[in-house]
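The values are calculated or read from the model by the stated rules, or taken from the named source; none is laboratory data. It should be emphasised that the depicted structure is a prediction, and the values quoted were computed from it without experimental measurement. Glycine gets a Cβ as well: all are built from the backbone with ideal geometry, and neighbour counts include every protein chain shown.
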Amino acid sequence: MVELGGFGGVFVVIIIGILMLFSNFIIIKNFQSYFETIELISIQQTSSPCVISGYFYNNSLLFINITMQGVKGIPIRNLNFSDVFVTYRFQGKLISIKIDSWSPIRVFVNEKEGDIINPININDWSGIWDPGETLEFMISLPYPSDDSRLFFLMVMPDGGMCSWNL
């Protein structure tokens, strides 16, 4: 075995210490970069709702079925922060208005009422509107529509949106 002099042993210990510091620094920077990337992806990702059908019940009541697509769901309690707009004819004039009187009334999965994953309780505004689930919304128009034509737009709180022409 080779013996190192006093300075040789100290030199080896210093080199090993420096290598350990640099390797830990690199590992920490990689983890930091990884977590920043994950955070950026989650911030950029929005929900993907899509209107699949809708109909007038009478001239003032509209029902819209919207299916959540993509990979991101949205908590039902956050739907209160959504904006709903409609454009339609009232007394021969075209009006565009933000609707305050709307609410989800039923949830469907594969055309069957109810869901199992993160179940939605509409009365308590709890659960998560997961991809693949369809919510039926009831929208009360402030003024009766002259005909059955209407443009609908809903903007979710995370930036996702859907629109539809009836």
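Restricting to the range 45-75, and then to whatever is surrounded by 18 or more Cβ atoms within 10 Å (Cβ to Cβ) and aliphatic (A, V, I, L, M), can you tell me which residue is farthest from the chain's Cα centre (by Cα)?
Looking at the filtered set, the residue picked out is 62.
Among 122, 105, which is touching a residue at least 24 places away in the same chain (Cβ under 8 Å) and loosely packed, with under 14 Cβ neighbours inside 10 Å?
Values: 122 fails: loosely packed, with under 14 Cβ neighbours inside 10 Å.
Just one listed residue meets the conditions, 105.
May I ask you to list the residues in the range 134-165 that are in contact with a Ser or Thr (Cβ under 7 Å, 6 or more places away or on another chain) and surrounded by fewer than 18 Cβ atoms within 10 Å (Cβ to Cβ)?
Within the range 134-165, 138, 140, 144, 151, 153, 155, 157, 158, 159 meet the criteria.
Using beta carbons and a limit of 7 Å, which pairs, at least six apart or on different chains, have the first residue in the range 150-162 and on the phi < 0 side of the Ramachandran plot and of a type in the set (Val, Ile, Thr) and the second one outside any strand (DSSP E or B) and surrounded by fewer than 20 Cβ atoms within 10 Å (Cβ to Cβ)?
So the pair list comes out as 155/82.
Please go through the range 52-70 and pick out each residue that is part of a strand (DSSP E or B) and either among the hydroxyl-bearing types (Ser, Thr, Tyr) or touching a His at 6+ places or on another chain (Cβ under 7 Å) (or both). Steps first, answer last, please.
Of all residues in the range 52-70, those part of a strand (DSSP E or B) come to 52-58, 61-69.
Matches in the range 52-70: 53, 55, 57, 67.
How many residues does the range 134-150 hold that are assigned to a strand (DSSP E or B) and at pLDDT below 95? Spell out the reasoning first.
Here is the first cut: in the range 134-150, the residues assigned to a strand (DSSP E or B) are 134-140, 150.
Now drop any that are not at pLDDT below 95, which leaves 150.
Looking only at that region, the number is 1.
When residue 2 is evaluated against the numbered criteria (1) among the β-branched types (Val, Ile, Thr); (2) modelled with pLDDT of 70 or more; (3) loosely packed, with under 10 Cβ neighbours inside 10 Å, which criterion, by number, is the only one it fails?
If we test residue 2 against (1) among the β-branched types (Val, Ile, Thr); (2) modelled with pLDDT of 70 or more; (3) loosely packed, with under 10 Cβ neighbours inside 10 Å, just (2) comes out false.
Regarding the range 10-31, can at least one residue be identified that is modelled with pLDDT under 95 and outside any helix (DSSP H, G or I)? It would help to see each step written out before you state the result.
Initial filter on the range 10-31 (modelled with pLDDT under 95): 10-31.
Still in the list and also outside any helix (DSSP H, G or I): none.
Taking every residue of the range 10-31 in turn, none turns out to be modelled with pLDDT under 95 and outside any helix (DSSP H, G or I).
Please go through the range 111-158 and pick out each residue that is of a type in the set (Val, Ile, Thr) and over 22 Å from residue 83 (Cβ atoms).
Let us first name the residues in the range 111-158 that are of a type in the set (Val, Ile, Thr), namely 116-117, 120, 122, 128, 134, 139, 155.
116, 117 - these are the residues of the range 111-158 that are of a type in the set (Val, Ile, Thr) and over 22 Å from residue 83 (Cβ atoms).
Looking for something exposed (fewer than 15 other Cβ atoms within 10 Å of the Cβ) and assigned to a strand (DSSP E or B) - is there at least one such residue anywhere in the range 76-84?
Taking the range 76-84 and keeping what is exposed (fewer than 15 other Cβ atoms within 10 Å of the Cβ), we get 77, 80-81, 83.
In the following step, the residues that additionally are assigned to a strand (DSSP E or B) were identified as 83.
Yes; the residues of the range 76-84 include at least one that is exposed (fewer than 15 other Cβ atoms within 10 Å of the Cβ) and assigned to a strand (DSSP E or B).
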